[in-house]
Amino acid sequence: MMSLIISLGVVLVLAILYMVFRIGNLVGLVKGKKDDSATSWNNINAYLMMVFMIGSLVLFFWYSFVHFDSYDLPVASEHGVITDNLFWITMLITVIAFVIISIVMFWFTFAYRYKEGRKAEFFSDHHQLEIIWTVVPAVVLALLIFSGLRAWNDITGPASKDAVVIELIGQQFLWTARYPGVKDSQLGNHNYKMIDASNEFGLDLSDKNSFDDFKSLELHLPKGKEIQLKIRAKDVLHSVFLPHFRLKMDAVPGMHTTFKFVATKSTADMREETGNPNFNYEMACTEICGKGHFSMKFPVFVHDTVEDYEKWMASQEAWLKQNPEYLQRVPVELREAAMIKSGIPADSKEAIMASPVTVTLN
Ligand SMILES: [Cu+2]
């Protein structure tokens, strides 16, 4: 309501100013003065342009500095330092170009406003000028793009053999993580045709590597070790966003996207750095994926050491152990191995095999 009243007030003041100006002109005309209202308007507009330019630039820099902390989060990954540098170099170049172009543009409207007797100078072309404004931006943009491409290739390139591989799955409207078990450190195959209410990953139980895979509703990461995220979506486009790690990658149905990184600060490190004992990393979905999009928040915990991380891994229960009835889907010759690897007690086999599979395939 208040803003409406203020807007109406501003409109009223402008209308009054306009009326006063018009009356002044008409009085001049009656007194036999020449009508120079066009020139006066040009002058007013020219000065208003300058006011607008100075005001906007001041507001732009003021806002950027005052709110700097709210858009510059502490960086917690190795590649994040590189992408931050790229971001700030790009920002510096574009801000310099933006300020120069704004000043020149507004200054021209001011300096070259209509003046009686003045005529614009015409020239058809200027080779030197054209070469400069083509070559300089082309070189700058090429440098930016190539350095960006190098960083991108590194982030999305193949991970080293001992990298921690974690699968992240987006669906309307939650995230789940699938970890390779401690026994083989390899994610098992999956097949979307095998997805049902319990087998939400579509785990292919004919693959030995799937027996010790486990599900987590928190993303646990080790500090100082290469991590490769394998990302997929079950329904629509989602996007993994871990702002402190400068990590953002789309989750696309029907394919895996990947992102490779090394976390350099554990949750404890960040609590110390930010002075906030309740600090927690967070992962969000950054693709508007439907009306529950806002709720796609995923807790993230970075362990201080690889040993801590492995301890956490070891404390998790294999998906197959939590859903023992799926042992019936394991090929007969692999059942023993599946029970050992997933930790299902040997003496429960008969009961499991006798129990009806609660969920039928889609
Ligand atoms: Cu989403």
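The values are calculated or read from the model by the stated rules, or taken from the named source; none is laboratory data. Note that the coordinates shown come from a computational prediction; the quantities given were computed from them, not determined experimentally. Cβ coordinates were reconstructed from backbone atoms using ideal geometry, including for glycine residues, and neighbour counts include every protein chain displayed. In case anyone asks, the SASA skips ligands and DNA or RNA and just uses the protein heavy atoms, side chains included. Shrake-Rupley method; radii C 1.70, N 1.55, O 1.52, S 1.80 Å.
General remarks:
- Within the stretch 175-198, considering residues that are in contact with an Asp or Glu (Cβ under 8 Å, 6 or more places away or on another chain) and assigned to a strand (DSSP E or B), the one nearest to L327 (Cα to Cα): H190
- The lone criterion from (1) surrounded by 10 or more Cβ atoms within 10 Å (Cβ to Cβ); (2) in a helix (DSSP H, G or I) left unmet by S70 is number (1).
- Subset of the stretch 131-162 that is among the aliphatic types (A, V, I, L, M) and under 20 Å from H256 (Cβ atoms) - its residue that is least open to solvent (accessible area, probe 1.4 Å): I155
- In the stretch 194-225, the residues that are among the charged types (D, E, K, R) and without any contact (Cβ under 8 Å) to a residue 60 or more places away in the chain: E200, D204, D207
- Candidates A337, A318: the one that is in contact with a Ser or Thr (Cβ under 6 Å, 6 or more places away or on another chain), farther than 30 Å from P243 by Cβ and in contact (Cβ under 8 Å) with a residue 24 or more places away in the chain is A318.
- Of the residues making up the stretch 315-330, those that are part of a helix (DSSP H, G or I) and open to solvent by 70 Å² or more (accessible area, probe 1.4 Å) are K321, Q322, R329.
- Meets criteria (touching a residue at least 12 places away in the same chain (Cβ under 8 Å) and more than 30 Å from T264 (Cβ to Cβ)) for V99: yes
- Any hit, the stretch 97-116, residues being farther than 30 Å from K223 by Cα and acidic (D, E): yes
- Each residue in the stretch 287-308 was checked for being within 9 Å of the ligand (Cβ to nearest atom) and either at pLDDT 95 or above or open to solvent by less than 40 Å² (accessible area, probe 1.4 Å) (or both), and 5 pass.
- Some residue of the stretch 331-350 being within 16 Å of the ligand (Cβ to nearest atom), open to solvent by less than 40 Å² (accessible area, probe 1.4 Å) and assigned to a helix (DSSP H, G or I): no
- Condition broken by S40, with the remaining ones in (1) open to solvent by 70 Å² or more (accessible area, probe 1.4 Å); (2) hydroxyl-bearing (S, T, Y); (3) at pLDDT below 90 satisfied: (1)
- A single entry from K234, K223 fulfils the requirement of being within 24 Å of G157 (Cβ to Cβ), open to solvent by 30 Å² or more (accessible area, probe 1.4 Å) and at pLDDT 90 or above: K223.
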